[in-house]
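Read the structure below first, then the notes.
The values are calculated or read from the model by the stated rules, or taken from the named source; none is laboratory data. Treat the numbers as computed from the prediction; the structure is a model and nothing was measured. Here the Cβ is made from the backbone with ideal geometry for all residues, glycine too, and neighbour counts use every protein chain on show. Keep in mind that these areas ignore ligands, DNA and RNA; they rest on the heavy atoms of the full protein, side chains included. Shrake-Rupley method; radii C 1.70, N 1.55, O 1.52, S 1.80 Å.
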Amino acid sequence: MKRYVLKAPLSAAPVASDFTTIDVPAPDCPEGGLLVRTVYLSLDPYIGSRLRGRHMGDVPPRPMQDAIPGAIVGQVIASRAAGVAEGDYVHAMEGGWQEVCALGPGSFRKLDPAAAPLRAHIGVLGMPGLTAWAGITRLAKVGAGDVVLIDAAAGAVGGTAGQIARLKGASKIVGIAGGSEKCRVVTDTYGFDACIDYKAEGWQARLKEVLPEGASVFFENVSAEMAMIALSVSKPYVRGVLCGLADAYQAATPQAHALNAGAIIGKRAQMLGLVVYDFYPDWDDYVAEASVWIREGRLAFAEDAATGLDAAPALMEKLMRGQNIGKPIITVSEERA
């Protein structure tokens, strides 16, 4: 079977030429686990850091051996797990860039194909969606009348966070994104009230104009600097969710992240750190709630999709350059009844 691997250890953000394929035997079905055919593969920004051993202590894959990590939706080929049969669909965070994968006990979640589109479990119902839901509902506790500011708003996390904030009663949602095309996705697909293009001249002044009442919640995905800009247009007692530092993910060396303590104190701000792993036990609860929103047409998702495992390297490079529009997803093989 085909597996994508690194050619050599990485010292910078990956590009398409850093990846190559090897042919390996299909694995055996593990005791208590599954053998799964990959149907959909997720590409996520944090993988660029993980490939260099700079994400949450994860060990990078061994060049020319280990599959490039990635979440998958797959169909069961063989099962030694109670309650899961051949033909069932599952989601797994550690499937990887390969045609078939072995999943050990506790490393997968069974999916209901009738509840929501299977491909949604890569993005809006996958880790990005869970991240958004956890930050908005469990940390910021968004409710009626909140004014919410979200950066990286065109991404899978940001776009979902804004929509969930609306569903939970927020009165106004403002996004920040880079470029007019991404801003159109934020307003037209995700339904934000406004989106500020940070690449446009005078964008910070425009941000103040669209938030005269001040944000009561901000959801930070980019950098400490952007968090301080969000704080500057927030009202006292703002709840700030610190979710990601995308600007630093692909930096060549570790970065300092300076927050202005005086500004935080002056605004009486709550700064809430979000690590999605803490909320894995709540994943099924989130999917049950969000699947209803999808069926009712109240939770939308945008994709930057490609077909075939061989499309993964180029789409990964596009993601690392911040050029993707929507959630990057690879269709590796077809869905089957």
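Some observations on this one:
- The string of couplings for the stretch 12-29 from the Karplus curve (6.51, -1.76, 1.60, θ = phi - 60°) is 8, 4, x, 10, 4, 6, 6, 10, 8, 9, 10, 9, 10, x, 4, x, 7, 6 Hz, one whole number per residue in order, with x for Gly and Pro.
- The stretch 36-162 - percent of accessible surface contributed by carbon and sulfur, probe 1.4 Å: 56 percent
- In order along the stretch 76-87, the phi-based Karplus estimate (6.51 cos²θ - 1.76 cosθ + 1.60, θ = phi - 60°) of 3J(HN,Hα) comes to 6, 8, 8, 10, 10, 10, 5, x, 10, 10, 4, x Hz; Gly and Pro are listed as x.
- Averaging over all projection directions, the Cα-based convex hull of the stretch 136-268 occupies 7.9 nm² in the image plane.
- For the stretch 220-337, convex hull volume per residue from C-alpha positions, Å³: 176 Å³
- Per-residue accessible area (protein heavy atoms, 1.4 Å probe) orders Glu31, Glu335, Glu220 as Glu31, Glu335, Glu220, starting from the largest.
- Once you divide the Cα radius of gyration of the stretch 297-337 by 2.2 N^0.38 Å, the number left is 1.32.
- Gaussian network model of the chain, Cα within-10 Å springs - most flexible of Val59, Val276, Val217: Val59
- Under 20 Å of direct C-alpha separation, and excluding same-chain neighbours fewer than eight residues apart, Lys199 reaches these lysines: Lys182, Lys208, Lys318.
- Pairs of alpha carbons in the stretch 68-142 whose separation is greater than 17 Å (percent): 49 percent
- Annotation: per residue accessible area for the chain equals 42 Å², rounded to a whole number [probe 1.4 Å, protein chains only].
- With all protein chains modelled, accessible area of Thr187 [1.4 Å, Å²]: 50 Å²
- Spin-label model, Glu334 to Glu31: label points 7 Å out along the Cα-to-beta-carbon direction sit 3.9 nm apart.
- Gain on full stretching of the segment that runs from Glu225 to Val292 - 0.36 nm per residue minus C-alpha separation: 20.5 nm
- For the chain, the mean residue ellipticity at 222 nm estimated from helices alone is -6000 deg cm²/dmol, where every DSSP H run of n ≥ 4 contributes -39500 (n - 2.57) and the total is divided by all residues, rounded to the nearest 500.
- Summarising the amide proton neighbourhood of Asp304: residues at separation of 5 or more, or on other chains, whose placed amide H is nearer than 5 Å comprise Lys327, Ile329.
- Spherically averaged projected area of the stretch 1-160 from its Cα convex hull (nm²): 11.2 nm²
- Sulfur and carbon atoms: percent of accessible area, the stretch 220-337 [1.4 Å]: 54 percent
- Cα extents of the stretch 110-184 along the three principal axes, largest first (Å): 36, 30, 17
- Amide H contacts of Val100 (H built 1.01 Å from N, under 5 Å, at least 5 apart or other chain): Thr38
- Extension gain for Glu201-His55 works out to 49.2 nm (0.36 nm per residue, less the C-alpha to C-alpha distance).
- A Stokes-Einstein calculation at 10 °C with viscosity 1.306 mPa s, built on the Kirkwood radius of the chain over Cα pairs, returns a diffusion coefficient of 77 µm²/s.
- Note on Ala263 and Asp285: with the Förster distance fixed at 35 Å, the Cβ-Cβ geometry gives a FRET efficiency of about 0.50.
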